[in-house]
Every structure is written in structure tokens, then in C-alpha cells.
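The structure appears right after this line, and notes come after that.
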Amino acid sequence: MASRASVLKHPIHPMLVPFPIGLWIFSLVSDIIYGLGWGGPIWHDMAFYTMAGGIVGGLAAAVPGLVDYWSMSDPEPKKIAKIHMILNVTIVGIFIVNLWLRTTLAPGASLPLILSLLGVILLGLSGWLGGELVYVHGVAVESSPPGGDKPKPLPRTGMGR
């Protein structure tokens with residue numbers, strides 16, 4: 001099933017998801033660096049701003065993801081996509097609450113760190129499901145036209161014979 005949210009046959013959702021993933025993971029790393037005393041207050045600030053950027057990126061990635069979800073008709077991958085979507089909405093919610101807590105709690109409070117860790121763990125699970133959709137079920141993969149160009153097998157190099 002090709003993606004309806006695409007540019008020149010390239011799906012938009014996978015173009016956008018690296019931003020929240022990278023920003024939220026870096027936010028957690030920044031928290032750890034600050035919490036262990038390996039860096040000054042800039043690391044606490046870095047965690048805050050990268051988390052905020054991850055929220056913006058996650059919401060941006062959700063729009064084409066939702067378009068792809070609505071265009072799905074096969075019930076098996078749609079069930080996986082629904083779980084993927086619910087997890088992602090939950091993750092964004094966790095990081096929104098986390099960001100708000102950071103404006104009310106003292107720097108280095110443990111609850112924001114716990115929420116970041118939970119969010120990143122759920123992110124890994126959601127990413128696994130996203131990979132399942134693409135690599136197992138072919139969601140958002142452009143099919144080749146009948147008789148169209150098919151990949152040619154790589155020549156054998158003599159290794160593993």
C-alpha cells in the first residue's frame with residue numbers, strides 16, 4: 001500500500017519521525033548528564049528545549065501518519081497501526097506533561113527523568129511496530145507496476161559458497 005501522504009512517491013511520515021526520536025533521546029541523555037553532575041545547568045536547559053522540539057516534531061509526524069492510517073484497508077496491519085498510533089499519542093502526552101513539570105519542579109527532580117525514560121522505552125516499542133508495518137506488511141511502500149523494473153540480484157562474490 002503506497003502512502004497517501006507522500007511527496008514524489010516518498011512517504012512523509014518516515015521523513016519526519018527521526019526528529020522527535022532523536023530529540024527525545026538526546027533530552028534523556030542531557031538529563032542523565034545533568035543528573036550525574038557531569039555538566040552544568042546548560043544540560044538541564046538542553047533537556048527542556050530538545051524535549052519541546054521533540055513534541056513539535058512528534059505532532060508534525062502525526063499528521064501524515066494519521067493520513068496513512070485513514071487510508072489503510074487491510075485489517076491486520078490496521079490493527080498494528082492503531083496500537084502504533086495510540087502509543088505515539090501517549091508518548092507525546094508523556095512528554096507534554098514532562099515539559100510542564102519541568103516548569104514547576106526544581107532542576108534535577110526525579111519525576112521528569114522517570115517520564116523521559118518511560119517515553120523513550122515506549123518510543124522503542126512504537127518504532128518496532130512501525131517497522132513491522134513497513135517491513136513485514138509493506139505499508140507505505142510503493143509497489144512496482146506489472147512488468148516494471150525489478151531489483152536485480154547482486155552478483156555472488158565467492159564468500160559463503
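The values are calculated or read from the model by the stated rules, or taken from the named source; none is laboratory data. Quantities reported herein were computed from a predicted structural model and do not represent experimental measurements. Note: ideal-geometry Cβ built from the backbone for every residue, glycine included; neighbour counts use all protein chains shown. Calculation scope for accessible area: heavy atoms of the full protein, side chains included, ligands and nucleic acids excluded. Shrake-Rupley method; radii C 1.70, N 1.55, O 1.52, S 1.80 Å.
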Give the stretch 66-98 a look and list any residue that's of a type in the set (S, T, N, Q) and under 16 Å from Met1 (Cβ atoms), or say none.
Ser71, Ser73
Looking for something aliphatic (A, V, I, L, M) and part of a loop (DSSP other than H, G, I, E, B) - is there at least one such residue anywhere in the stretch 11-27?
yes
Going by what's in this entry, would Ala81 be described as under 14 Å from the mean Cα position of the chain (by Cα), of a type in the set (Gly, Ala, Ser) and open to solvent by less than 20 Å² (accessible area, probe 1.4 Å)?
yes
What pairs can you find where one residue is in the stretch 106-124 and more than 23 Å from Gly22 (Cβ to Cβ), the other is open to solvent by 30 Å² or more (accessible area, probe 1.4 Å) and of a type in the set (Gly, Ala, Ser), and their Cβ atoms are less than 9 Å apart, with a gap of 6+ or different chains?
Gly108/Gly35; Ser110/Gly35
Checking Ser126 against (1) exposed (fewer than 15 other Cβ atoms within 10 Å of the Cβ); (2) modelled with pLDDT of 95 or more, which single condition isn't satisfied?
(1)
Expected output for the stretch 67-80 (first residue touching a residue at least 60 places away in the same chain (Cβ under 8 Å), partner open to solvent by less than 90 Å² (accessible area, probe 1.4 Å) and assigned to a helix (DSSP H, G or I), Cβ below 7 Å, 6+ apart or cross-chain) is Asp68/His13; Met72/Lys78; Met72/Ala81; Pro77/Leu133
Do you know which residues across the stretch 1-52 are open to solvent by less than 70 Å² (accessible area, probe 1.4 Å), in contact (Cβ under 8 Å) with a residue 40 or more places away in the chain and over 23 Å from His137 (Cβ atoms)?
Trp24, Ser27, Leu28, Asp31, Tyr34, Gly35, His44, Ala47, Phe48, Met51, Ala52
Identify, by number, the condition in (1) in a helix (DSSP H, G or I); (2) open to solvent by less than 20 Å² (accessible area, probe 1.4 Å); (3) closer than 24 Å to Val141 by Cα that Met72 doesn't meet.
(1)
Considering only residues that are open to solvent by 50 Å² or more (accessible area, probe 1.4 Å) and assigned to a loop (DSSP other than H, G, I, E, B), look in the stretch 129-145 and name the one that is farthest from Val7 (Cα to Cα).
His137
